[in-house]
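Before any comments, here is the structure.
A short reminder: the numbers here are calculations on the coordinates, not readings from a lab. If you're wondering where the values come from, they're calculated on a predicted model, not measured in any experiment. Neighbour counts are summed over all protein chains in view; Cβ atoms, including those assigned to glycine, are modelled from backbone coordinates with ideal geometry.
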Amino acid sequence: MNWPDCSGAEEPLKPYRCKDGSFSLWSEEYGQAFHSNRGAIQEAQDTFVAPAGLERLAPGSTLRVLELCVGTGTNTAVVLEACQQRQLQLQWWGLELDPQPLQLALADQRFQQQWPNSILQALQERAATIHWGDARQTLRALQSQLAGRCDLVIHDAFSPGVCPQLWSQEFLGLVSQCLAPRGRLTTYCSAAAVRQSLLAHGLQLAGLKPHAGSARHQWSGGGSGGQRRSGQHWPRPTLRSGAARPRSALLDEL
Ligand SMILES: C[S@@+](CC[C@H](N)C(=O)[O-])C[C@H]1O[C@@H](n2cnc3c(N)ncnc32)[C@H](O)[C@@H]1O
């Protein structure tokens with residue numbers, strides 16, 4: 001595929017292995033990891049795909065997914081696998097600012113080995129369709145196409161402390177408008193301001209159960225230099241359960 005020019009990118013991205021052995025990156029620019037320390041694949045499954053409730057869709061039907069911040073493509077690959085397993089057709093819109101994370105991942109032998117050939121090939125095909133640029137602009141440009149159509153929105157930006165523009169009330173409003181009547185938004189972030197914005201945009205909220213080994217509910221404010229998804233502790237969010245209701249958001253509580 002033709003990658004967009006990223007010669008302007010100055011800040012390094014450092015590959016590393018997560019606890020589950022999966023490939024991830026550390027961003028010097030944001031001072032954050034791309035994935036939870038539990039592991040990139042584990043997180044994609046637990047936080048972004050399992051809560052999507054794909055079992056609601058009959059085999060042969062079409063799943064429409066908006067993925068914000070494709071990064072290494074790990075969430076995309078897990079979605080592709082889930083669709084393959086459930087015999088779902090996938091219509092996918094991927095938004096990303098920087099082509100480097102996906103380039104690094106696809107060139108990494110161990111990343112390649114994480115996936116069956118069919119998934120790797122499907123990921124490469126999807127990569128050719130990514131809407132490159134600042135998601136605030138690319139999503140606006142797609143709004144008439146996406147409004148009210150997405151069964152699943154995956155929101156995996158860096159944390160609000162370092163990437164506030166993708167968690168603003170205005171941006172979350174645009175994102176919420178993309179959801180189909182029973183669509184779900186999944187994200188790792190359960191920050192109070194994010195919950196307030198999602199509620200204000202009419203979404204029902206539900207929290208995910210804590211992961212094994214996670215004694216407390218935590219959320220990382222992601223102050224510069226802070227590692228993503230660790231550190232700051234928050235009281236248990238007072239979320240209304242209602243994941244099965246129209247237009248909902250499922251937020252991880254690490
Ligand atoms: C936490 S990482 C995403 C991890 C990714 N889901 C994965 O599985 O690798 C956040 C991503 O957001 C991208 N990003 C940062 N600012 C952005 C913006 N304004 N618009 C779109 N993408 C942005 C970064 O380039 C980075 O790839």
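Side notes on the structure shown:
- Taken over the range 88-118, the residue count meeting the criterion of being among the charged types (D, E, K, R) and closer than 18 Å to Ile41 by Cβ is 2.
- Residues of the range 37-64 satisfying the condition of being crowded, with 16+ Cβ neighbours inside 10 Å, farther than 19 Å from Val153 by Cβ and not β-branched (Val, Ile, Thr): Asn37, Arg38, Gly39, Ala40, Gln42
- Neighbours by Cβ (under 7 Å, 6+ apart or cross-chain): first from the range 91-105, farther than 27 Å from Leu57 by Cβ; second more than 6 Å from the ligand (Cβ to nearest atom) and assigned to a helix (DSSP H, G or I): Ala105/Phe111
- Test result for Ala135, more than 11 Å from the ligand (Cβ to nearest atom), within 21 Å of Asn75 (Cα to Cα) and buried (at least 16 other Cβ atoms within 10 Å of the Cβ): no
- Number of positions in the range 26-36 that are buried (at least 22 other Cβ atoms within 10 Å of the Cβ) and assigned to a strand (DSSP E or B): 1
- Condition met for Gly60 (over 18 Å from the mean Cα position of the chain (by Cα), on the phi > 0 side of the Ramachandran plot and touching a residue at least 12 places away in the same chain (Cβ under 8 Å)): yes
- Selection status of Val49, within 11 Å of the ligand (Cβ to nearest atom), out of contact with any strand residue (DSSP E or B) (no Cβ under 7 Å at 6 or more places or on another chain), of a type in the set (Val, Ile, Thr) and in a helix (DSSP H, G or I): no
- If you filter the range 84-102 down to residues that are buried (at least 21 other Cβ atoms within 10 Å of the Cβ) and in a helix (DSSP H, G or I), you find that the one that is nearest to the ligand (Cβ to nearest atom) is Pro101.
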